[in-house]
Amino acid sequence: MITSGSYDSPVAALLFEEDGTMSLSLTNTVKESDLETITLMTDYFQYALSREDWLLSFIDQILKTQPIDESNKDLKTSMRSHLRVIEGGKSDTSGSHS
């Protein structure tokens, strides 16, 4: 288990479910002062995972810094085959013009 370096027991866990969802599990010992930070970090992870460009950039960086072997090739192929581009965003004609 990866921990933050704290010697205390964990008070929250971010769970990655088989169906692709993510859930936050909190213990009853979590301090109110920590709850806002934990919630912010959970929101950040959800946002980061929804960014295809960040994910592809991260994978490309891993492949550049680690020796290419069969497991890396499988990772790159696997990740690219499950991603899709969602059409939308800012149009060239939208917005105000002076």
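Quick notes
- Pairing residues of region 51-63 that are of a type in the set (K, R) with residues that are surrounded by 12 or more Cβ atoms within 10 Å (Cβ to Cβ), at Cβ distances under 6 Å and at least 6 apart in sequence or on separate chains, gives no pairs at all.
- Residue selection: S6 satisfies the criterion of being among the small types (G, A, S) and at pLDDT below 85.
- Some residue of region 55-70 being assigned to a loop (DSSP other than H, G, I, E, B), among the acidic types (D, E) and either exposed (fewer than 12 other Cβ atoms within 10 Å of the Cβ) or modelled with pLDDT under 85 (or both): yes
- Criterion: at pLDDT below 90 and polar (S, T, N, Q) - qualifying residue of S33, S25: S33
- Subset of region 19-28 (residues that are surrounded by 10 or more Cβ atoms within 10 Å (Cβ to Cβ) and in a loop (DSSP other than H, G, I, E, B)): T27
The values are calculated or read from the model by the stated rules, or taken from the named source; none is laboratory data. This one's a predicted model, so the numbers in the text were calculated from it and none came from an experiment. Virtual Cβ from ideal backbone geometry, glycine too; neighbours counted across all protein chains shown.
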